[in-house]
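Written below as structure tokens is the structure these notes are about.
The values are calculated or read from the model by the stated rules, or taken from the named source; none is laboratory data. A quick note: this is a predicted structure, and the numbers were derived from the prediction, not measured. When we count neighbours, we look across all protein chains shown, and the Cβ atoms used for this are built from the backbone with ideal geometry, even at glycine. Please note that ligands, DNA and RNA were not included when accessible areas were found on the heavy atoms of the full protein model with its side chains. Shrake-Rupley method; radii C 1.70, N 1.55, O 1.52, S 1.80 Å.
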Amino acid sequence: MKITSGFISLILKLVGGILLISALINYIFLLISPQWQDPNWQINVTNSAIDQGITPLVAIAFLLVAWWIGDNNNSEKPNKPVRMIVFIIASILGLAYLLLVPLHFGNINRVSSDLFVQIDQRIAQQEAQIQGFVSELEAISKNPEQLKQEIEQRNQIIQAGGNLGGQQLNPQQLQSITTQRDQLQQILNLSDKPEELKAKFQEVRNQLESELQKAVDQEKRKAQGLALQQSLKTSISSLMLAIAFIAIGWLGLQKMLKG
């Protein structure tokens, strides 16, 4: 079988047309059940649209090559309406991807702001827990027998390798138990020295608050880094797709109008 330029052109048109129609259908499915007020939904749609962006770009490239083969071989009469529609679609896609860049930055900022608010709320809760823990220590310090029981309970958990009622604690939780045991032991040793005990409570409070602030700062830096990475990666990809589609669409329309 001899492979002719007309056959290649036909195959490229068929594949390009199927890919383009499939991509447009996928875009429509992305917008089913829209949640415009939810930035997370918008971010997911943006990421999905960008992941699928290469498909219509390849489809249009196949169609352009097919038309070029047909025009150079004079094997067919150009179908100007179809070409016009394809160039218009390319232009619309280019504008859409261009608009996604600032939209995505805005959504990432909104999600980051919400995340920081949640972190701040969690800080307030944990600070209250710290205050409650210190107050509990102060109450326990007046009862040496209860102090010994608390120390013994933590010793049992540590000796069991972090096994608590059949549940295995992670290393951070086990370290926290060990720290609490040591603090309780120090309080027991200072139970008959009120001034030193008061200073110890303040030291415990400061230490816990410092650890909490350190963990929060690390979590915020991580969140900011991920947000920046996500923003740049998605925005650059969207911008590249926008440039490609706009170049094809506008140059194609310009040539069509001149021709």
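Just a few scattered comments:
- Coordinate range along principal axes, alpha carbons of the stretch 23-164, Å, largest first: 100, 33, 23
- Qualifying chymotrypsin sites (Phe, Trp or Tyr not before Pro) in the stretch 33-93, DSSP loop, other Cβ atoms within 10 Å at most 13: Trp36
- By the rule of a C-alpha distance below 15 Å, with chain neighbours fewer than 8 residues away ignored, the aspartates and glutamates paired with Lys233 are Asp51.
- Total formal charge among the other residues, if their Cβ is under 12 angstrom from that of Val86, Lys/Arg +1 and Asp/Glu -1: +3
- All aspartates and glutamates inside 14 Å of Lys13 as judged from Cα atoms, apart from same-chain residues fewer than 8 positions distant: Asp71, Glu76
- FRET E, pair Lys2, Met84, Förster distance 45 Å, beta-carbon r, rounded to 0.05: 0.85
- Note on Ser231: accessible area approximately 10 square angstrom, rounded to 10, probe 1.4 Å, nucleic acids and ligands left out.
- FRET efficiency for the Gln202 to Gln35 pair, using the beta carbon distance and R₀ = 51 Å, is estimated at 0.55.
- For the chain, the longest principal axis of the alpha carbon atoms and the long axis of helix 54-73 meet at an angle near 10°.
- P(r), alpha carbons of the stretch 15-54 - 5 Å bins starting at zero, rounded %: 5, 23, 30, 20, 12, 6, 3, 1
- Fluctuation leader among Leu99, Leu169, Leu20 - the chain, Gaussian network, Cα springs under 10 angstrom: Leu169
- Compared with the dominant Cα axis of the chain, that is its longest principal axis, helix 39-52 is turned about 40°.
- Working from label points 7 Å from Cα in the Cα-to-Cβ sense, the Val134 to Ile28 distance is 6.3 nm.
- Cα-based helix-to-principal-axis angle, 144-159 vs the chain, degrees rounded to 10: 40 degrees
- Whole-number accessible area per residue in Å² for the chain, which is evaluated in the context of all protein chains at 1.4 Å: 63 Å²
- For the chain, convex hull of alpha carbons as volume per residue, Å³: 190 Å³
- The stretch 111-250 - percent of accessible surface contributed by carbon and sulfur, probe 1.4 Å: 52 percent
- Taking Thr179, Thr55, Thr234 as the candidate residues, the one with maximal mean-square fluctuation in a Gaussian network model of the chain, Cα springs under 10 Å, is Thr179.
- Between Leu257 and Ala160, residue separation times 0.36 nm minus the direct Cα-Cα distance comes to 26.8 nm.
- Excluding same-chain neighbours fewer than eight residues apart, the lysines reachable from Lys255 by a Cα-Cα span under 18 Å are Lys77, Lys80.
- Magnitude of the charge dipole for the chain, about its Cα centre and with charges confined to Cβ atoms of Lys, Arg (+1) and Asp, Glu (-1), is about 1740 debye.
- Residue list for the stretch 3-24, given a label point 7 angstrom along the Cα-to-Cβ vector of Asn72 and an amide N cut-off under 15 Å: 4-10, 12
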